[in-house]
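Q: Shown below is the structure under consideration.
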Amino acid sequence: MEMRAVYAACLAEMMEKDKHVCIVDADLGKASGTLSLRAKFPEQSFDCGVAEQNMASIAAGLSSYGFKPWIETFTPFATRRICDQIAISISYAKRNVKIVGTDPGISAELNGGTHMSMEDIGVLRSIPGMVIFEPVDEVQLRAAMPVLNEYDGPVYVRLFRKETPAVFGEGYKFDLFKADTIKAGKDLTIFVSGMLTADVVTADEQLAAEGIDAEIINIHTIKPIDRETVIASARKTGAVLTVENHNVIGGLHSAVLEALAEEKIPVCAVGVQDRFGEVGKLPYLREAMGLTVENIVKTAKRAVSLK
């Protein structure tokens, strides 16, 4: 299933069980996959039109009265455009609002640079009290949704809308604040978030063929990052690579560097190199931004060489 379909199905289950769960969107119900919920749950669904700041403020107000609002729009409008409302009306006020930004990074594709958020994690990671979560696949998202809904506080969900390759099995156990070790290794640790996780698994096959035994850890919650796991794995392998569909400034790479600031361990990065996006399909954008399996392999070998 598309990730947005999974998201909508989970919301429907939660809205059915709890009348306090509601959706608040900015004229993107169809794009977010939640349009059908308006007919099924008319008293729990609100469309604010193209007025994202109002959407965030309304959600904060609903939270004040005990509701559990989920707000959703394209990633740049869920972060840059409503940053002040998130900081003051939601985070500072300690409101229980879940913020969903869809089409993160290069997944915005043909919408181009204006809609291609390379900085959204960095923008919100600096706001006190924010939890930032990025799911990998359908299994992880299904497991996470009820946990996120029960968490009392603001959460930013960075949601890839379309289908993603399966990474986790059906027996997967989700812990919001604990990173997932996908594969143990001894030569290098690869910390990865979001849609590039499957690419890291593919790159690992090539690294193994060249005698490099990589440890793969999915950091699904970038804030607060699982410092204990990050530090323990980095100390174990002695070399680190971060892989993310985000600017290397402010996102996963920065969070890992902060955790490892007192460690003498080389840390290399595959990510967007401090630039804006552009119009294109995913294969082209992967090449343009260096978010390819080949570059993951190349940069992983460089990290190992720095040990």
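Q: Within a 10 angstrom radius of the beta carbon, how do Tyr7, Tyr284, Tyr65 rank from fewest other beta carbons to most? Could you put the intermediate results ahead of the total?
A: On the way: Tyr7 26, Tyr284 13, Tyr65 7.
Ordered from fewest to most neighbouring Cβ atoms within 10 Å, Tyr7, Tyr284, Tyr65 come out as Tyr65, Tyr284, Tyr7.
Q: Taking the Cβ of each residue in Arg81, Arg302 as the centre, tally the other Cβ atoms inside 10 Å and list the residues starting with the fewest. Write out the running numbers ahead of the final one.
A: Working: Arg81 17, Arg302 13.
Least crowded to most crowded, the residues run Arg302, Arg81.
Q: Let me ask something else. Filter the GluC sites (Glu not before Pro) in the range 198-307 down to the DSSP loop ones having no more than 11 other Cβ atoms within 10 Å, then list what survives. Mind dumping the intermediate values first?
A: Numbers: sites: Glu205, Glu210, Glu215, Glu228, Glu244, Glu258, Glu262, Glu263, Glu278, Glu287, Glu294; in loops: Glu210, Glu262, Glu263, Glu278.
For GluC sites (Glu not before Pro) across the range 198-307 that sit outside H, G, I, E and B with at most 11 neighbouring Cβ atoms in 10 Å, the list reads Glu210, Glu262.
Q: Give the aspartates and glutamates whose C-alpha is closer than 14 Å to that of Lys223, dropping any in the same chain fewer than 8 places away, or say none.
A: Asp120, Glu134, Asp175, Glu258
Q: At a 10 Å Cβ-Cβ cut-off, how would you order Arg235, Arg4, fewest neighbours first?
A: Working: Arg235 12, Arg4 23.
Fewest-to-most ranking of Arg235, Arg4: Arg235, Arg4.
Q: Do me a favour and compute the ellipsoid semi-axes for the range 14-63 from its Cα gyration tensor, root of five times each eigenvalue, largest one first, whole Å.
A: Details: eigenvalues 59, 42, 10 Å².
Rounded to whole Å, the semi-axes are 17, 14, 7.
Q: Could you pull out the pairs from Lys98/Lys281; Lys186/Lys236; Lys17/Lys178; Lys162/Lys298 whose alpha carbons sit more than 18 Å apart here? Intermediate results must be reported in sequence, preceding the final value.
A: On the way: Lys98/Lys281 29 Å; Lys186/Lys236 7 Å; Lys17/Lys178 27 Å; Lys162/Lys298 28 Å.
Flagged as over cut-off: Lys98/Lys281; Lys17/Lys178; Lys162/Lys298.
Q: Now for a separate question. Pull out the extension gain between Lys298 and Glu278, defined as 0.36 nm times the separation in residues minus the alpha carbon to alpha carbon distance; nm, one decimal.
A: On the way: separation 20, 0.36 × 20 = 7.20 nm, distance 2.43 nm.
Result for the pair: 4.8 nm of gain on full extension.
Q: Any idea what the alpha-carbon Rg over 2.2 N^0.38 Å comes to for the range 3-159?
A: On the way: Rg = 14.0 Å, N = 157, 2.2 N^0.38 = 15.0 Å.
Normalised by 2.2 N^0.38 Å, the Cα Rg of the range 3-159 equals 0.93.
Q: Still on this structure, I have one more. How many nm separate the modelled label positions at Lys178 and Glu262, each set 7 Å beyond the Cα in the direction of the Cβ?
A: According to this spin-label approximation, the distance is 2.4 nm.
Q: Note the full-extension length gain between Asn54 and Asp213 as 0.36 nm times their separation in residues minus their Cα-Cα distance, in nm to one decimal.
A: Details: separation 159, 0.36 × 159 = 57.24 nm, distance 4.98 nm.
Residue separation times 0.36 nm, minus the Cα-Cα distance, leaves 52.3 nm.
Q: With the calculation restricted to Cα positions, what are the radius of gyration and Dmax of the range 151-307 in angstrom?
A: Both quantities, over Cα of the range 151-307: 15.0, 46 Å.
Q: Which FRET efficiency value, to the nearest 0.05, do you get for Leu35 and Ile88 by plugging their Cβ-Cβ distance into 1/(1 + (r/R0)^6) with R0 = 22 Å? Before the final figure, lay out each step's value.
A: On the way: r = 30 Å, r/R0 = 1.37.
My answer for the efficiency is 0.15.
Q: Just need the Rg to Rh number for the chain, please, alpha carbons only, Kirkwood Rh. Before the final figure, lay out each step's value.
A: Numbers: Rg = 18.8 Å, Rh = 19.4 Å.
Using Cα coordinates only, the ratio equals 0.97.
Q: Distance in nm between label sites at Lys307 and Lys186, each 7 Å beyond Cα in the beta-carbon direction?
A: Between Lys307 and Lys186, the label points sit 0.9 nm apart.
Q: Take every DSSP beta bridge with both residues inside the chain and express the antiparallel ones as a percent of the total, to the nearest 5.
A: Details: 5 of 40 bridges.
Percent antiparallel among DSSP bridges in the chain is about 10.
Quick note: the coordinates plus some simple rules give every number you see, no bench work behind them. Owing to the predicted nature of the structure, the values given are computational and were not obtained by experimental measurement. FYI the Cβ positions are ideal-geometry reconstructions off the backbone, even for glycines, and counts take in every protein chain you see.
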